[in-house]
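Q: What follows is a single structure, and I will ask about it in a moment.
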Ligand SMILES: [Zn+2]
């Protein structure tokens with residue numbers, strides 16, 4: 001009874017796993033959980049609702065493993081996940097303009113320091129958009145980069161030199 005209209009389930013958190021876990025780690029977590037939620041392992045005397053919840057978890061864990069254990073479907077899911085995260089759930093830490101970023105001629109990238117010590121890296125070819133979101137390379141923060149500086153609100157003819 002999968003809810004096909006709802007958002008895609010978070011298969012990693014269903015297995016208490018991380019997207020960076022390798023297949024062995026995920027397998028161990030799956031094997032542990034599938035035993036916990038297996039219908040044969042449930043205590044007698046569960047209410048119908050509890051039993052149903054556990055069964056749903058069992059189904060989810062099983063489904064998560066099917067998706068994440070297959071290299072191709074995992075890759076596909078990772079891509080969906082990333083696209084989804086980029087669109088909505090990254091906390092935007094700052095709004096900066098391209099001018100405020102540091103240009104690195106060697107890598108042809110703009111960089112900006114994150115407060116975690118990591119870096120936001122923006123390829124030059126990704127600067128075509130008027131506004132783009134860049135994720136930190138070591139934490140979950142992101143910044144919104146604007147091509148032009150609109151924050152001054154000053155008509156261009158007033159800017160001397
Ligand atoms: Zn960071």
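Q: State all residues of region 134-146 that are within 14 Å of the ligand (Cβ to nearest atom) and either part of a loop (DSSP other than H, G, I, E, B) or within 13 Å of residue 110 (Cα to Cα) (or both); if no residue qualifies, say none.
A: Hits for region 134-146 are 134, 135, 136, 137, 138, 139, 140, 141, 143.
Q: Next up: In region 47-93, how many residues are assigned to a loop (DSSP other than H, G, I, E, B), at pLDDT below 90 and surrounded by 12 or more Cβ atoms within 10 Å (Cβ to Cβ)?
A: The qualifying residues number 1.
Q: Moving to a separate point now. Residues of region 103-119 being more than 8 Å from the ligand (Cβ to nearest atom) and in a strand (DSSP E or B), which ones?
A: Answer for region 103-119, where residues must be more than 8 Å from the ligand (Cβ to nearest atom) and in a strand (DSSP E or B): 103, 104, 109, 110, 111, 112, 113.
Q: Determine which member of the set 32, 43 is over 20 Å from the mean Cα position of the chain (by Cα), in a loop (DSSP other than H, G, I, E, B), loosely packed, with under 14 Cβ neighbours inside 10 Å and free of Cβ contacts under 8 Å to residues at least 60 places away in the same chain.
A: 43
The values are calculated or read from the model by the stated rules, or taken from the named source; none is laboratory data. Because the structure is predicted, anything quoted here is derived from the model rather than measured. Please note: Cβ atoms are built from the backbone with ideal geometry, for glycine as well, and neighbour counts cover all protein chains shown.
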